[in-house]
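Everything below concerns the one structure shown next.
The values are calculated or read from the model by the stated rules, or taken from the named source; none is laboratory data. All of these numbers come straight from a predicted model, not from anything done at the bench. Neighbour counts run over all protein chains shown; Cβ positions are idealised from the backbone, glycine included.
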Amino acid sequence: MKLATETQAPPVLAVTPGAPDADFIPDTPSFPQVAAPPDAKALQGALERAFLVARTAADFKARDIRILDMRKITPLFDYVVLVSGASRRQIHTLAEEIDDALKASGDRRLHVEGYEASKWVVQDFGDVVVHVFDPETRTYYDLEELWADAPRIDWAAGVA
């Protein structure tokens, strides 16, 4: 007879590093399926990737490009890049070109929100989060004021 206070230990998964199934995690409630992270050698540092986002946005005529250093504000991400596009088409282009540029550097987008509405597209690249706004939405939410304590980075000079 099992007492109500007894609990079962979770199953242990024995994996030999380098074995063919070393990255496999069983699809069970105890071990949710998780995608392997991108190759660390292919990834640049978060700041360099934030610079890449800013340069890509500038190449496609984005306005009001800002990089905020969030490392002392939140543990969730290191940098936020804020950009504005003038039209729905430009916002889509900016989001797609930023994604392509980071993909080419070995990164991958973890999540995107707002693409269909095209007023505010948020792209999550892990330690870099990109916000592409139309001007009215950017003014309304005013993330620069919300994160006023975050240091601004001069992306055009390429220095923190």
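If a residue must be over 19 Å from Ile65 (Cβ atoms) and at pLDDT below 90, how many such residues does the stretch 109-135 contain?
Matching residues across the stretch 109-135 total 3.
Looking at the stretch 143-156, which of its residues are surrounded by 11 or more Cβ atoms within 10 Å (Cβ to Cβ), in a loop (DSSP other than H, G, I, E, B) and of a type outside the set (Gly, Ala, Ser)?
Trp147, Pro151, Trp155 - these are the residues of the stretch 143-156 that are surrounded by 11 or more Cβ atoms within 10 Å (Cβ to Cβ), in a loop (DSSP other than H, G, I, E, B) and of a type outside the set (Gly, Ala, Ser).
Among the residues of the stretch 49-71 satisfying the criterion of being without any contact (Cβ under 8 Å) to a residue 40 or more places away in the chain and part of a loop (DSSP other than H, G, I, E, B), which is nearest to the chain's Cα centre (by Cα)?
Arg71
Return the total of residues in the stretch 88-124 being in contact (Cβ under 8 Å) with a residue 12 or more places away in the chain and either part of a loop (DSSP other than H, G, I, E, B) or in contact with an Asp or Glu (Cβ under 6 Å, 6 or more places away or on another chain) (or both).
Number satisfying all stated conditions: 10.
Rundown of residues vs (1) within 23 Å of Trp147 (Cα to Cα); (2) surrounded by fewer than 16 Cβ atoms within 10 Å (Cβ to Cβ), yes/no style:
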| position | (1), (2) |
| --- | --- |
| Phe77 | yes, no |
| Ser84 | yes, no |
| Ala95 | yes, no |
| Asp100 | no, yes |
| Glu113 | yes, yes |
| Ser118 | yes, no |
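State yes or no: is Arg152 touching a residue at least 12 places away in the same chain (Cβ under 8 Å), of a type outside the set (Phe, Trp, Tyr), over 22 Å from Glu48 (Cβ atoms) and touching a strand residue (DSSP E or B) at 6+ places or on another chain (Cβ under 8 Å)?
Here the answer is no, as Arg152 does not meet what is asked.
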